[in-house]
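Since every read-out is calculated from the coordinates, none of them should be taken as a lab result. Here the structure is a predicted model, which is why all the values come from computation and not from measurement. When we count neighbours, we look across all protein chains shown, and the Cβ atoms used for this are built from the backbone with ideal geometry, even at glycine.
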Amino acid sequence: MLRPFRLAFLPLALLCLAAPAAAQLTSTPRATGFAGAYLALARGSEAVDWNPANLGLPGQPRWSFALPRLGVAGAVLGPPLGELPTLVRDDLTDADRLAFLDQVPEAGISFRAGALVPWAGLSVGRFAVSVSSTALLDAHTGREMVDLYLETRQYGGVDPARLDEYRVGNTGFGTALLTSAAVAYAHPIPLFPFPASVGVAGRATFVHEALRARIFDPVPNWEESDIEMTMVSLRASGGRGFGLDVGAAAQPLPGLTVGLAVENLAQSMSWDGGLEQRGGVFSGRELALMEPPDFVDLFDPQPYDSAEASPQVDSIAAALLSGAAPPRVLRAGAALQAGGTAVSLTWTMTTGDGRLFAGWPQQLAVGVEQRLFGFWSLRGGAASSLSGATALALGTSFAMGALQLTLAATRVSGNDEPRPESAADFDFPGRLVATSGYGLMLGLDITGAPPPARRSRRSR
């Protein structure tokens with residue numbers, strides 16, 4: 001497995017190598033093509049992650065099977081991507097350094113990325129299961145740290161006349177790798193004159209690794225005419241969580257579906273072992289020469305002991321354990337389908353301390369799909385964070401009998417609002433809606449035809 005802490009202590013280098021991508025990850029490529037406006041449209045194995053109640057509505061396929069898929073997403077706040085190689089140049093001039101700093105927002109540089117691999121999804125009638133893995137990465141580098149890093153690279157060290165001026169701002173890093181498995185069931189409600197159902201899903205989450213790292217403001221070393229910087233990372237492994245999802249759905253009019261779902265209405269998270277701590281002190285001269293793997297060689301792992309840890313390290317531990325839990329997600333939406341056309345609307349709100357998600361804290365999305373020639377579908381969607389950020393999505397599907405290939409891409413534009421520094425883990429929700437970039441998802445599904453509609457006794 002990739003050792004994420006190899007990059008944890010130098011997010012600047014990571015930002016140079018990472019391609020920007022949209023911060024909106026969804027469980028299926030068709031949902032991505034709708035920009036997340038998919039609550040009322042999800043059927044078959046897709047319903048597990050959107051609304052389990054949809055499994056009890058008419059139009060549900062006899063069975064469906066989703067093969068392993070891949071989605072990548074992320075977003076960057078800061079200079080244009082083409083300017084980021086400046087951070088690793090060895091021939092910087094004062095003009096180069098100052099020109100780059102002019103493009104860095106006061107809030108610094110942020111990067112958020114994720115990879116989603118739905119391994120399999122299966123539905124049979126009103127039952128469905130799904131298994132997926134997610135890798136998330138979150139880095140933030142204060143503008144002061146960018147200035148310090150560029151200066152050390154240019155001059156081979158720090159300016160002795162400025163030892164008490166150097167700062168790093170909110171500079172930190174986090175990663176998570178987890179696998180989630182869910183089982184869902186829906187039951188029709190015969191009390192209404194139209195189709196309606198309720199659904200429930202049990203979700204188990206296994207956190208393979210979660211990491212948080214922080215670089216603290218330097219301390220002057222007047223004797224050496226240098227600075228001393230402290231970096232600390234904490235790593236947790238063996239986490240296990242359980243969640244309960246509930247939902248309701250109905251079709252009050254032909255072709256119209258409405259629904260409401262809550263993911264992780266109730267949940268718990270526990271850890272099998274203690275935390276692993278890495279960290280130490282390095283100088284400004286060392287910073288000028290370091291590459292990401294060098295930090296791993298400098299600091300050996302050791303058990304985290306809360307009785308001996310500093311308040312700063314304790315704050316990292318608290319953020320790590322509270323953040324390594326899936327958040328509660330509330331969704332409501334409606335969709336209208338007529339012939340080969342579908343129009344859908346979904347509102348989503350994410351609450352709680354859990355940071356294991358890739359989308360905005362709140363969004364409103366609308367999407368449209370048109371089937372062409374019976375085997376080809378085009379779709380598109382738009383979403384708003386309701387705080388200035390927007391997303392556009394396009395997708396297409398090709399059906400070959402029961403087999404369907406789907407591709408979707410997204411483009412996110414951040415709200416460009418300056419984020420004030422915050423002690424609450426770098427103002428994570430605010431940074432998420434300020435980032436911009438792209439995303440891509442590809443999938444292959446096999447779906448059985450829906451059962452024939454039941455004829456009423458009156459029509460017989």
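Residue-wise, which Karplus ³J(HN,Hα) couplings in Hz belong to segment 62-74, taking 6.51 cos²θ - 1.76 cosθ + 1.60, θ = phi - 60°, and x for glycine or proline?
For segment 62-74, the Karplus curve yields 4, 7, 8, 9, 9, 6, x, 10, 9, x, 10, 7, x Hz.
From the phi angles alone, apply the Karplus equation (6.51, -1.76, 1.60; θ = phi - 60°) to segment 268-277 and give each ³J(HN,Hα) in whole Hz, x where the residue is Gly or Pro.
With the stated coefficients, segment 268-277 comes to 8, 9, 9, 10, 7, x, x, 8, 9, 10 Hz.
If I model a spin label at residue 224 and residue 438 as a point 7 Å from the Cα along the Cα→Cβ vector, what separation in nanometres do I get?
4.4
Putting +1 on Lys and Arg Cβ atoms and -1 on Asp and Glu Cβ atoms, find which of 139, 76, 114 reaches farthest to the positive end of the dipole of segment 43-162.
114
In debye, nearest 20, what is the charge dipole magnitude of segment 303-420 about its Cα centre with +1 on Lys and Arg Cβ and -1 on Asp and Glu Cβ, if you could check?
So the dipole magnitude of segment 303-420 works out to roughly 640 debye.
In percent, how large is the relative contact order of segment 235-289, given Cα pairs closer than 8 Å and 6 or more residues apart?
Relative CO of segment 235-289 lands at 43 percent.
So what are the ³J(HN,Hα) numbers for segment 117-129, from phi and the Karplus equation (6.51, -1.76, 1.60; θ = phi - 60°), rounded to whole Hz, Gly and Pro as x?
Once rounded to whole Hz, the list reads 10, x, 5, 6, x, 9, 10, 9, x, 9, 10, 7, 9.
Mind giving me the nanometre distance, one decimal, between the label points for residue 194 and residue 289, set 7 Å out from Cα along Cα→Cβ?
Distance between label points: 7.3 nm.
Let me know the charge dipole size of segment 30-118 about its Cα centre in debye, to the nearest 20, where only the beta-carbon of Lys, Arg (+1) and Asp, Glu (-1) is charged.
880
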